[in-house]
Amino acid sequence: MELSGKLRSKANFHAAPLYITLRNHASLHKCLYKDQFCSQIFWICDLSTFLFDFLPVVVALVQMAFFRSVSALSRLRSRVGQQSNLANSVRWLQTPSSSNTDLYSELKELVPEYQERVKKLKTDHGSVELGKITVDMVLGGMRGMTALVWLGSAVDPDEGIRFRGMSIPECQKKLPGAFPGGEPLPEAVLWLLLTGKIPNKEQVDSLSQELRSRATIPDYAYKAIDALPVSAHPMTQFTTGVMALQVQSEFQKAYGSGIAKARYWEPTYEDTLNLIARLPAIAAYIYRRIFKDGKIIPLDDSLDYGANYAHMLGFDDPEMLEFMRLYISIHSDHEGGNVSSHTAHLVSSPLSDPYLAFAAALNGLAGPLHGLANQEVLRWIRSIVAEFGTPNISTEQLADYINKTLSKGQVVPGYGHGVLRQTDPRYTCQREFALKHLPNDPLFQLVSKIKEVVPPILTKLGKVKNPWPNVDAHSGVLLNYYGLTEENYYTVLFGVSRSFGVGPQLIWDRALGMPLERPKSVTLEKLEQLCAKSS
C-alpha cells in the first residue's frame, strides 16, 4: 500500500529517503515488518532539524503499525477458535509467507510478468485479425468465435483438453497425488491452473492446509439453505449457499474502501480461495440434508480436498476418495467458452465479486445441455437395464434400443462434443480407472459395450461431427458403483469441480485489467440487410 496523498502532503522534500524506501516494497504492510523501516525511523529522528516536519509522518506510521498488529492478533485468535463469524476479515491484507510453498507469493511474482505481456500484445499487435465472423456463428450461439482470453486450459479437437499445455495423461504423471502413482490432487491442479507451474508435493500439501484453514462456514449460510424446502433441486440449494457466502466478500469490502485498480486481484484471490475452500462443506450439507439424515460430517484435517469432500458426503472407501480426486481434477476446467466458465467471466467483468460470478456460473451449469448431462446418461443406462431386465444384453439388442431412441427424435446422452472430434480423454481416464478398480461391474461393462455400438450408428447417420463418448458418458456409472446413486446431485459435484478452473481465471481477469464485456448485437432485420448486400 503506497503512502496516501494526504500523508505525503504532510512531509516536505526532506522526507524523500523514507518515501523512496517505502515505495521500493510491494506494499506498506511488508515494509512495516522489515529492518529498513526501523532504520529509516531512527535516521529521521536523529535529524532534529527536521523533527517537526516529520513528526506527523512518524505518528501516522506508528499508528498504522499498531492497528496492523491488533488486526493480526485478532485474526490469529479467530482462526484458533474456529469462529464462524468472519465478516470483518481482511485476509488479503495479511503479510504473505515468503516460503516457496505459498501460492500467493508465487502468484504475486507472476502478475507483473503477465501484465507486461498483455500490454505488449495490445501495443504491438492490437490490430491483428483472429478470424471472420459468419452468420452461422451469430445465429449458432457464437460457436467457434475467438472472443476471450482464458489462461487455464484449451481444447484441441484431436487431443482434447490441456491444462496449461499439459494433457490429462501428463497431468496424471507429473502432478503430485495423495500417494505415489495416485491420481492428481485437486490442489495440484489448482496450483497449475493459477500459476502455469507444476507444484511439488510440499507446495500442494501447504495449499491443502491453507484451504482447510479457510473452510469455516458461517451459520447463516446453512440457515439460508434451510429456508428452502428439502425438495428444492440440489443446484438451487447450492447456488443459495454460495450467495449466502457472498456476505463475506473481501473484494466488495476492498472496493468500498477505495482500493487501487492495480490491486483488484488481491482481494479477488482471497475471495476465490475462500470460496473454493468452503464449497465442499456447503455441497456436502446439501447432499446430507436431501438424501441422508441431515447431520453434518465435520472436515477431517488429515485429508486433502477431494478426500475431504467425499468424507463429508459420507464416503470413506479409499477408492471413492481416489475417484473424487480424479473427478474434481478432470472436471475443473474446459477452456473459457462453455456456459459456466463464460458466464463467470461475463458476470465478473463489471467487477462483480467471485461469489456473484460463480453463483451465476452454477445457474448456467444447471441446464440440461451443460451440467445435467451425466445424470441423464445414468438415467438412460438404467432405462436400458429396465427394458431388458439385466445389463447383460447383446450388442444386437443394444443397437436396436439405440436406433429406437434416435427414431423418437432423442439423442444418445454422453456422445458428441462441440469441439472434440475424438474420444474425450476425460472419458478415457475414467475408463482406465474403472478397468483398474471395477472391471467386473455390470454397468461398467454395459458402458463399454455402448462405446462399441454407438459410434458406428451415429456415423452412419452422416449428421454427427463427433460420434465418440464424452466425459459424461462414464462418470455417473463410477459414482453409482461407489454408492453415490442420487444422480440428481451429480451436477453439484460438477459445480464444486468447476470452481478450480473458473476461480483462477477470475483472479487473472482482475490482475490483467480485463474490461467490461460488452459485445455488439444486431437485429434480425439488420442481419438480413447485411446478407443481402454481401450477395
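The values are calculated or read from the model by the stated rules, or taken from the named source; none is laboratory data. What you are looking at is a predicted structure, and each value in this text was computed from that prediction instead of being measured. Cβ placement follows ideal geometry from the backbone for every residue including glycine, while neighbour counts extend to all protein chains displayed. Just so you know, the surface numbers come from the protein's heavy atoms only, side chains and all, with ligands and any DNA or RNA stripped out. Shrake-Rupley method; radii C 1.70, N 1.55, O 1.52, S 1.80 Å.
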Check: Just for the stretch 257-272: of the residues that are under 14 Å from SER352 (Cα atoms) and touching a Pro at 6+ places or on another chain (Cβ under 8 Å), which one is surrounded by the fewest Cβ atoms within 10 Å (Cβ to Cβ)?
Finding: THR268
Margin query: Of all residues being open to solvent by less than 90 Å² (accessible area, probe 1.4 Å) and of a type outside the set (A, V, I, L, M, F, W, C) in the stretch 117-131, which is nearest to GLY513 (Cα to Cα)? Just the residue, please.
Written below: GLY126
Margin query: If I filter the stretch 288-298 for residues that are more than 24 Å from THR236 (Cα to Cα) and open to solvent by 10 Å² or more (accessible area, probe 1.4 Å), do I get at least one hit?
Written below: no
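This table checks each residue for (1) under 15 Å from SER341 (Cβ atoms); (2) among the aliphatic types (A, V, I, L, M); (3) touching a strand residue (DSSP E or B) at 6+ places or on another chain (Cβ under 9 Å).
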| residue | (1), (2), (3) |
| --- | --- |
| LYS122 | no, no, no |
| ILE133 | no, yes, no |
| VAL138 | no, yes, no |
| ALA147 | yes, yes, no |
| LEU151 | yes, yes, no |
| VAL155 | yes, yes, yes |
| ASP158 | no, no, no |
| ILE161 | yes, yes, yes |
Notebook entry, point to check: Does VAL385 meet the test of being closer than 17 Å to LEU458 by Cβ and of a type in the set (Val, Ile, Thr)?
Noted result: no
Next item on the list: Starting from residues that are among the polar types (S, T, N, Q) and under 18 Å from ASN374 (Cα atoms), keep the ones in the stretch 431-456 and report whichever is least open to solvent (accessible area, probe 1.4 Å).
Entry: SER448
Notebook entry, point to check: So, of the residues in the stretch 519-535 that are outside any helix (DSSP H, G or I) and either of a type in the set (Asp, Glu) or touching a residue at least 12 places away in the same chain (Cβ under 8 Å) (or both), which turns out to be farthest from ALA373 (Cα to Cα)?
Noted result: VAL522
Note to self: Kindly evaluate GLN422 against the criterion of being buried (at least 16 other Cβ atoms within 10 Å of the Cβ), over 30 Å from GLU266 (Cα atoms) and touching a residue at least 12 places away in the same chain (Cβ under 8 Å).
What the structure shows: no
Item checked: Residue match in the stretch 393-413 (condition: buried (at least 20 other Cβ atoms within 10 Å of the Cβ) and under 30 Å from GLU335 (Cα atoms)) -> yes
Next item on the list: Could you look through the stretch 457-482, keep only residues that are open to solvent by 30 Å² or more (accessible area, probe 1.4 Å) and touching a residue at least 40 places away in the same chain (Cβ under 8 Å), and pick out the one that is nearest to the chain's Cα centre (by Cα)?
Entry: ASN480
